[in-house]
Amino acid sequence: MPDVTKTQVLEALGKVRSPDLESDLVSRGMVSDVFISDNKVYFSITVPADKSHELEPLRLAAEKAVTSVPGVKGALVTLTADRKASAAPQQAAAPSAHGHSHAHAPAGGPSRVPGNVKAGVPGVGAIVAVASGKGGVGKSTTAVNFALGLQANGLRVGILDADIYGPSVPRLLKISGRPEQIDGRLIKPMENYGLKAMSMGFLVDEETAMIWRGPMVQSALLQMLREVAWGDLDVLVVDMPPGTGDAQLTMAQQVPLAGAVIVSTPQDLALIDARKAVTMFRKVEIPLLGIVENMSYFLAPDTGKRYDIFGHGGARAEADRIGVPFLGEVPLTMDIRERSDLGTPIVHAEPDSQIAGIYKDIAAKVWAQLSQGKRRQAPSIVFE
């Protein structure tokens, strides 16, 4: 079967009327750059922010038009909106998208009306972000073992991989394949070791480069959060991408986070970036549940001797300085690295080990804060 072309897609979309009914989506300039991979089509439609929730039929019409093109295997169509689109949709900048999926995305964009209530996720008790100021500090490994630690303490737990550009959860949990859809709308989460999981890594090939602008990241993230059949969970752990970008702002803007756990290594360079993450969450009034010092020290596997490769105690000192709980020290060990590479997290593979005990203790400290009623709703944020 010949590959689907961008020209074919745009021709199909040229038959879909824009909201004014006097022109089509393409001539109106509402369609983003179209990306096609494995005959699956991905694009967004820029719409007025004040009408985004009314235009779901438009999104469905565009999706139907594209999937009717011979050879198209599936399409992900999102609505994006901003304040400029409200005033002049024909001039709105359209985001580019690279990737593919069979799922649907919700309407929405970076703007919110002041006072809007952050909608929770049905069945999910608390949503906890695991974040860091920079990459390379073992945040994803920490997030997965933290989630398993919560589960080991008797809780029902899921994990959302919010790193659109570099998803790690599929490999860390040794999950492959594509998620199923339920009733043509909701996505059934993948599962292993008793954890329900969702990641962009389940929707695209591992080597696919996700070259997306902010609105597409926001739409995909909210889709994976709200259009997944999570079921009843006590805690949903969100593995955030490093830094303080679109994903973090989307979570703070549109999701009632119960709090954030910051992961850092001991050295000053990592702590400088961790402080930026702390500052961001404080500015948007997300509770800081504590700091974890990862790779706190190295234990030689042959002698058991300890080496402070990256220094030691920096994260504890930072937690004391800014007045947030210090959750624990996780050493750098061969077992953690090997288990992570194999997709058999140490809390699952060696539940009675000292390292597993550290993660369980961190999880217990976080749950103690959540169960004491410290959860609160995130504020509304408006981007001018």
Going through the range 340-384 in order, the residues found to be among the β-branched types (Val, Ile, Thr) and at pLDDT 90 or above are Thr344, Ile346, Val347, Ile355, Ile358, Ile362, Val366
Does the range 270-327 hold any residues that are within 27 Å of Leu370 (Cβ to Cβ), open to solvent by 70 Å² or more (accessible area, probe 1.4 Å), part of a helix (DSSP H, G or I) and in contact (Cβ under 8 Å) with a residue 40 or more places away in the chain, and which are they?
Arg275, Lys276
Assess whether Ala107 counts as being assigned to a loop (DSSP other than H, G, I, E, B), hydrophobic (A, V, I, L, M, F, W, C), modelled with pLDDT under 50 and open to solvent by less than 10 Å² (accessible area, probe 1.4 Å).
no
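Results for (1) of a type outside the set (A, V, I, L, M); (2) within 25 Å of Arg178 (Cα to Cα); (3) open to solvent by 20 Å² or more (accessible area, probe 1.4 Å), shown as yes or no for each residue.
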position: Asp24; (1), (2), (3): yes, no, yes
position: Ser27; (1), (2), (3): yes, no, yes
position: Ser44; (1), (2), (3): yes, yes, no
position: Ala62; (1), (2), (3): no, yes, no
Within the range 342-366, tally of residues that are closer than 12 Å to Ala152 by Cα, under 22 Å from the mean Cα position of the chain (by Cα) and among the aliphatic types (A, V, I, L, M)
2
Scan of the range 1-50 for residues that are in contact with a Gly (Cβ under 6 Å, 6 or more places away or on another chain), in a loop (DSSP other than H, G, I, E, B) and not polar (S, T, N, Q), ordered by number
Met1, Val4, Val26
When Pro57 is evaluated against the numbered criteria (1) in contact with a Lys or Arg (Cβ under 7 Å, 6 or more places away or on another chain); (2) part of a helix (DSSP H, G or I), which criterion, by number, is the only one it fails?
(1)
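The values are calculated or read from the model by the stated rules, or taken from the named source; none is laboratory data. What you see is a predicted model, and the numbers here were worked out from it, not measured in a lab. We place every Cβ from the backbone using ideal geometry, glycine too, and count neighbours over all the protein chains shown. Note: areas computed on protein heavy atoms with side chains; ligands, DNA, RNA excluded. Shrake-Rupley method; radii C 1.70, N 1.55, O 1.52, S 1.80 Å.
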